1. Pull up the stretch 79-94, narrow it to residues that are at pLDDT 95 or above and in a loop (DSSP other than H, G, I, E, B), then point me to the one that is surrounded by the most Cβ atoms within 10 Å (Cβ to Cβ).
2. Inside the stretch 161-194, can you point out the residues that are closer than 20 Å to Pro236 by Cα, surrounded by fewer than 24 Cβ atoms within 10 Å (Cβ to Cβ) and more than 7 Å from ligand 1 (Cβ to nearest atom)?
3. Mind listing whichever residues of the stretch 63-104 are of a type in the set (A, V, I, L, M), within 16 Å of ligand 3 (Cβ to nearest atom) and in contact (Cβ under 8 Å) with a residue 40 or more places away in the chain?
4. Would you point out the residue of the stretch 208-245, among those that are closer than 16 Å to Gly299 by Cβ and open to solvent by less than 50 Å² (accessible area, probe 1.4 Å), that is farthest from the chain's Cα centre (by Cα)?
5. Could you list, in sequence order, all residues of the stretch 128-138 that are within 16 Å of ligand 2 (Cβ to nearest atom) and open to solvent by 10 Å² or more (accessible area, probe 1.4 Å)?
6. Read through the list (1) buried (at least 21 other Cβ atoms within 10 Å of the Cβ); (2) β-branched (Val, Ile, Thr); (3) more than 25 Å from the chain's Cα centre (by Cα), then give the number of the only condition that Val36 fails.
7. I'd like the residue in the stretch 95-127 that is more than 22 Å from the chain's Cα centre (by Cα) and of a type in the set (Asp, Glu) and, out of all such residues, is surrounded by the fewest Cβ atoms within 10 Å (Cβ to Cβ).
8. Let me confirm something: among Gly158, Gly143, Gly163, Gly169, which residue is more than 20 Å from Val276 (Cβ to Cβ) and in contact with a Cys (Cβ under 7 Å, 6 or more places away or on another chain)?
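The values are calculated or read from the model by the stated rules, or taken from the named source; none is laboratory data. Keep in mind it's a predicted model, so treat the numbers as computed, not measured. Here the Cβ positions follow ideal geometry from the backbone for every residue, glycine too, while neighbour counts run over all protein chains shown. Remember, those area values only see protein heavy atoms, side chains included, never the ligands or the DNA or RNA. Shrake-Rupley method; radii C 1.70, N 1.55, O 1.52, S 1.80 Å.
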Amino acid sequence: MAQEVRGVIAPGKDEAVRIETIVVPDPGPGEAVVRVQACGVCHTDLHYQQGGINDDFPFLLGHEAAGVVESVGDGVTDVEPGDFVILNWRAVCGTCRACLRGRPWYCFDTHNATQKMTLTDGTELSPALGIGAFAEKTLVAAGQCTKVDPAVAPQVAGLLGCGVMAGIGAAINTGNVGRGDTVAVIGCGGVGDAAVTGAHLAGAAKIIAVDIDDRKLEKARTMGATHTVNSRTTDPVEAIRELTGGFGADVVIEAVGRPETYQQAFYARDLAGTVVLVGVPTPEMKLELPLLDVFGRGGSLKSSWYGDCLPSRDFPMLIDLHLQGRLDLEAFVTETIQLDEVEKAFKRMHQGDVLRSVVVL
Ligand code: APR
Ligand code: ZN
Ligand code: ZN
């Protein structure tokens, strides 16, 4: 039987978010209902609220979550009621060209639940990134549930569902950072700090954190940065070159999403180095580069989507590292909040006060 739960919706462009009663249907074939235990507040939720992604209002926000599977529909075999899971926004099909070529992070046919969650008057909701987890329960495709060790705290586990995975994956999957590499991370918010953490985990010799805010640089040091550069006062390209014997970094990770930082990343890499772009630009932004500089520099330029992660491979591995004390995920949780505090959390995010506010249910 369909159930009624509380959830946070974005009713219309730039309108304040509010709590509504959400109708969650029973899981159909291939679907699961998850009792949400924690869900982080991510920039993408704010972008939905501002109408920056599409105008399929009302949105049911929240997509960085962990919880317990409550019920599953026909044909679901990978998870069962009672499993502790992290939700992912890219349940891959396994059969498209990208999947068959071993690049499932580019899957053309990712799955979400087929049925819709609604308001009590029948209005259909668009769940953020196909998840919608600022709610006591949510309906997803079973493939969006990745089982992990239940010994981990839900507010920590949920973070891997988006921002922290994007950053760690940018370093270890897309950038393929290896032992002894020099790494620079431009922009040290939640995603950049996760990239610093990933580089540290991978055994980078030097990790140079770049930001315009000294508070962020201090935090990045606690995550494993060995050097910091405030790019408001110091040219970051020069500084990175100087710190790498004049060569530039083996891997430069851009985690801001602006033309000037894309440009800095382009020039701050070693000639054989890799630039990883994880910051998301807006449609009107452009990058202008002398062609001779493009031609004259080797290495590679890659964008990283969701940290090029494979949830079933990466989530359990990172949770295990965390439980062994080798990966501090708690450091990303600035505060835990209630469902009705999401609007306030957006404001704090805007002011740069938090890495992550996490709704705990
Ligand atoms: N140079 C260096 N750092 C900058 C600059 C700049 N010109 N402008 C902003 N920053 C820093 C901010 O001070 C902040 O520390 O970039 C960081 C951005 O962090 P957040 O706002 O917390 O954003 P985050 O959640 O980390 O996401 C960063 O990655 O996945 C994408 O959509 C996401 O584009 C966004 C980016
Ligand atoms: Zn997100
Ligand atoms: Zn596929």
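1. Narrowing the stretch 79-94 to residues at pLDDT 95 or above: 79-88.
Now restrict to residues that are in a loop (DSSP other than H, G, I, E, B): 79-83, 88.
Values: Val79: 19, Glu80: 13, Pro81: 12, Gly82: 9, Asp83: 19, Asn88: 30.
The residue in question is Asn88.
2. Matches in the stretch 161-194: Asp181 only.
3. Selection gives Ala91, Val92.
4. Thr244
5. Leu129, Gly130
6. Val36 satisfies all of (1) buried (at least 21 other Cβ atoms within 10 Å of the Cβ); (2) β-branched (Val, Ile, Thr); (3) more than 25 Å from the chain's Cα centre (by Cα) except (3).
7. Ranking the qualifying residues of the stretch 95-127, first place goes to Asp121.
8. On the way: Gly143 fails: in contact with a Cys (Cβ under 7 Å, 6 or more places away or on another chain); Gly163 fails: more than 20 Å from Val276 (Cβ to Cβ); Gly169 fails: more than 20 Å from Val276 (Cβ to Cβ).
Result: Gly158 is the single residue among Gly158, Gly143, Gly163, Gly169 that is more than 20 Å from Val276 (Cβ to Cβ) and in contact with a Cys (Cβ under 7 Å, 6 or more places away or on another chain).
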